[in-house]
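See structure below.
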Amino acid sequence: MKYTYTSITIVLFTALVSCKPKIEAPEASMGDVDGSRYIAIGTNNTSGFANDGLSFYSQDNSYAAIIANQFNEVSTIEFKQPFVSAGSIGFNIDGKSPLKLGYKTDCKGVTSISPVRIAGAGDLTQLINQYAGYGPFNNFGVTGMSALSVNLAGYGNPANGAGNFNPYFARFTSNEATASVLSDAVARNPTFFTIMLGDDDILAYAKSGGTSGPIPDANGAAGVGFSGSLEEVITSLTANGAKGAISNIPDVKEYPYFTTIPYNGLTVDAANAVTLNQIFNPIGISFVVGVNAFVMEDPAAPFGVRQMVEGELVLLSTPLDSVKCNGTGSVFPFRDEFVLDLDEVAEINSKISEYNSVITNLSQTYGLAYADTKSLIHRLKTGTVYNGVSMSSAFVTGGAYSLDGLQLNPNGQALLANTFIEAINFSFNAAIPYANPIKYAGNIFP
Amino acid sequence: MYKLFTLALLLPFLGYNQGFQVNFQGQQQQGMGGAGTALPQDAAILFFNPGAACFHHSNEINVAVTPVISKGTFLEDNTNEVAHTTSPVGTPFSAYGLFQLKEESKLKLGMAIYTPFGSTVEWEEGWTGRFALTRLKLLSIFFQPTVSYRLTKKLGIGAGFVYSYGNVNLQKDLPLQDASGEYGHAELSGSGHGFGYNVGLYFEPTRHLNFAITYRSQVNMNLKKGEADFTVPESLNDKFPDGRFTSSIPLPSVFTFALGVKASEKLAIALDANYVNWKAYDTLAFDYENNTSSLLDTKSARLYEGSIAVRLGAQYKITPQWTARLGLAFAMTPVQKGYVTPETPDNNRLNYTCGVGYSISEKLMLDASFLFTQVKREDTNLETGLSGKFKTLVFAPGLAITYKL
């Protein structure tokens, strides 16, 4: 009897200790979306380019791959990517390896954590075409692709030369001579697609300090202007009734690449002030001890140099060691390629706005879900918090951008994927669960 | 059974009632929804009402423990991810000694030791709120020497001086990953002490009806020499130096008005109304001795609100040896919308309780009680952005031994 009571008590106690309250989750649903043959067309973030390179790891965490993961939570789909091999360090087409965080000693002998290359050179063996072995693919993200080039036949053919050829597409084109990104995408007979195009047309101009060719016109026929090119992509993809989502274009100037170094980041001590004033006073520029605007080249200015003004941007490509120790940005004014002046900033602003009108119009015309990436990027500029994790566009420490300051890291890619999912759920009566950004990696510290 | 209890006793206790208040200070009262401030019938009255202790005519020692089993679940709104608590079984305890110098003396002296605030909440490894909280252990023990004096046959007053010792251990992960994918971790721990008092008035106008008013003061637990221990990737060690911190946690005051009805020799009814001044818990601040650009002092708004609890209970003497008890309590949450945290996913609640008493002999008595409550809360925290639904089930079986000297 006593034994029975004891047993009952133990059983009850164990039952209480091991019970777990249940909360019913809302039912996940694809709504009107058929995700079975999902393809993504886009540029840098779409391909998974990050840390200034392409690697298995970064591809695996592209927002397109994350969207596919979330589709998979609801119903099983296959999403194939032209992966760099998992064991490779990765590469970019300049022959460099991706960046990682490491220790770097600057010209003044100060060692700090800084992005450094993983290796002396990138793994260019990964440029070999993957189609025969692993294709066809679902991710048509091509680093550095202009919206005007999406339907360029032979875009994977080196013989076509710079501008008409992209080595990243050469990695996975179905036919070097004849295929375009769009023709390969259409050949997949997609049931659903995401588009993020035009961002690299703006970015290519911005990250070159306005020295690359002009940003293509917002309006114009396919291959000539953004609107015609984009519409051609959309009409081709929707021809068989596929649904899709399209991203607007963020203000790329909010990327850390453009926000990390302030225009007035020139700190001058008493001795330097004397020297600089001796040099520059004759042409009407003077310096004070403390914070000063950098000096840049400007052919329109008297003597071809002037101080930067508020609203102008110094790019992260600026050689910082030279700034610290060799008078770059002061004695030796910044060259055009390291800054965006007010005219260039205005050009970027107006093109983003024109491109976004095109995107808004086409998304309405073709019934596409509209992913507001512009708002996401702006929210990161001011800082956002997710489940106790603060994320911002602060370089390295912000936690959302990769170490190149231009592309997102997995954390940020998940936020971007969620921006698409939000739009898809809204437009297509779906309830696809969001990705959890904090389960994706941030920047890895040594 | 023995092993389970030994284990339970070793583990820190977990509290569950309104914020981190723990209302497990007497088994007879627990059986009656936590009411009994105007019903002196065992030595636990030293906690409930020092002013009524002088109406309890015996030299008595009363020792009790209440294992608290609390099971929490969280459903994250955006991702539908589910997480469970892995909190250990809590063991709030109480020990009372009530003495009179001579039979029917007007003056009674007592010592009360109890644990009115505290909780250990631990969430499963890798849960989505890990960067807000992985584990919080808060423990407080109050020592209360008490004097109770019967002014007239109908009126008693009493006062206790409170010395409290407490410790806290807060842990969370830091969103800083090293090359092996491990996240950083922060552990803040410290102990402190504080002082307060517990005063009460008891009035027995008729044999059938009693009134009581009590006030338990706020106690500030000041953590003067807390230790902050950070585990971060090596390159960030200088940004997160281990070192001292200071903090303070207010344990709020409680004002109680209570009614006791002795309807017959067998039936007694108790009604308590508490006002807990949780407004005192306005901010949780950590002041680090070594600040860096990454390690700044923090001030997290808690903005708790004063809260009311109403407790109703009854007991019935079935036989001279057996007594049955039943109770119900409604407690308002002090936690406002936007301030729900994974350490106290609190909400208004109903506590269902029952209990039983058994006299083994004239001198030895056993009292057992059982409490069940369920708390559901949905919120988006303004500071961390943690958004979802919490559900907590609490089971608290308790046992007391009373020995009359």
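The numbers here are math on the coordinates, done by the rules we state, and not lab data. These figures come from a predicted structure and were not determined experimentally. Using ideal geometry, Cβ is built from the backbone for each residue, glycine included, and neighbour counts are taken over all protein chains shown.
Packing order of peptides A:20-26, A:426-432, highest average first: A:426-432, A:20-26 (average count of other Cβ atoms within 10 Å over each peptide's residues). Protection proxy ranking of A:56-64, B:22-30, A:204-212, by the mean of other Cβ atoms within 10 Å over each peptide's residues and highest first, is B:22-30, A:56-64, A:204-212. When +1 charges are put on Lys and Arg Cβ atoms and -1 charges on Asp and Glu Cβ atoms, the dipole computed for the range A:266-340 relative to its Cα centre reaches about 180 debye.
For the protein assembly as shown, dividing the convex hull volume of the Cα atoms by the residue count gives 195 Å³ per residue. Cross-link partners of residue A:439 among aspartates and glutamates, defined as those whose alpha carbon lies under 16 angstrom from its own and excluding same-chain residues fewer than eight positions apart: A:60, A:73, B:76, B:77, B:81, B:124, B:125, B:173, B:178, B:182. Taking every Cα-Cα distance in chain A and sorting them into 10 Å bins starting at zero, the pair-distance distribution P(r) comes out as 4, 19, 28, 23, 12, 7, 4, 2, 1, 0, 0 percent. When shorter helices are ignored and each DSSP H run of at least 4 residues is given -39500 (n - 2.57), the per-residue value for chain B at 222 nm works out to -1000 deg cm²/dmol. Across the options A:49, A:21, A:8, the greatest Cα extent toward the positive end of the charge dipole of the range A:1-144 (unit charges at beta carbon of Lys, Arg, Asp, Glu) belongs to A:8. Of all beta bridges that DSSP places with both ends in chain A, some 55 percent have antiparallel geometry.
Would you mind putting B:265-276, B:344-355 in packing order, based on average other-beta-carbon counts within 10 Å, highest first?
B:344-355, B:265-276
Farthest towards the positive end of the charge dipole of the range B:2-404, among the residues B:206, B:89, B:147, is the Cα of B:206, using unit charges on the Cβ of Lys, Arg, Asp and Glu.
The range B:342-367 and the range A:380-398 have their alpha-carbon centroids 47 Å apart.
Once you sort the root eigenvalues of the Cα gyration tensor of the range A:119-244 as a ≥ b ≥ c, which label holds: rounded (a/c under 1.5), prolate (a/b larger than b/c) or oblate (the other case)? Oblate, since a/c reaches 1.5 and b/c is not below a/b. Candidates A:334, A:323, A:290 compared by Cα position along the dipole of the range A:266-340: farthest toward the positive end lies A:290, with charges placed on Cβ.
Rounded to the nearest 0.05, what FRET efficiency is calculated for residue B:161 and residue B:207 with R0 set to 25 Å and r the Cβ-Cβ distance?
On the way: r = 32 Å, r/R0 = 1.29.
Calculated value: 0.20.
Over all distinct alpha-carbon pairs, what is the Kirkwood Rh of the range A:183-277 in angstrom?
It is 16.7 Å.
Peptide B:229-235 has a mean shielding of 2, counted as Cβ atoms of other protein chains within 10 Å of each residue's Cβ.
For the range B:2-404, the Cβ-based charge dipole about the Cα centre amounts to some 2080 debye (Lys, Arg positive; Asp, Glu negative; other atoms uncharged). When the inverse distances between all different Cα atoms of the range A:266-340 are averaged and flipped, the Kirkwood radius reads 12.4 angstrom. Note on A:388-399: average number of Cβ atoms from other chains within 10 Å of each residue's Cβ is 3.
For the residues of B:385-394, the average number of beta carbons from a partner chain within 10 Å of their own beta carbon is 3. Its residue count N sets the reference 2.2 N^0.38 Å, and the alpha-carbon radius of gyration of the range A:1-91 equals 1.96 times that reference. Here the range A:163-263 is treated with +1 on each Lys and Arg Cβ and -1 on each Asp and Glu Cβ, and its dipole about the Cα centre works out to around 220 debye. Note on the range B:301-405: semi-axes of the ellipsoid equivalent to its C-alpha gyration tensor, largest first and rounded to whole Å, are 38, 12, 12.
Helical runs (DSSP H, four residues minimum) scored at -39500 (n - 2.57) apiece and divided by the length of chain A put the mean residue ellipticity at 222 nm at -9500 deg cm²/dmol.
Using only Cα positions of the range B:2-404, each an equal point scatterer, no hydration layer, compute I(q)/I(0) via Debye at q = 0.11, 0.13 Å⁻¹ and quote the log10 values to two decimals. Log-scaled intensity ratios, in q order: -0.79, -1.05.
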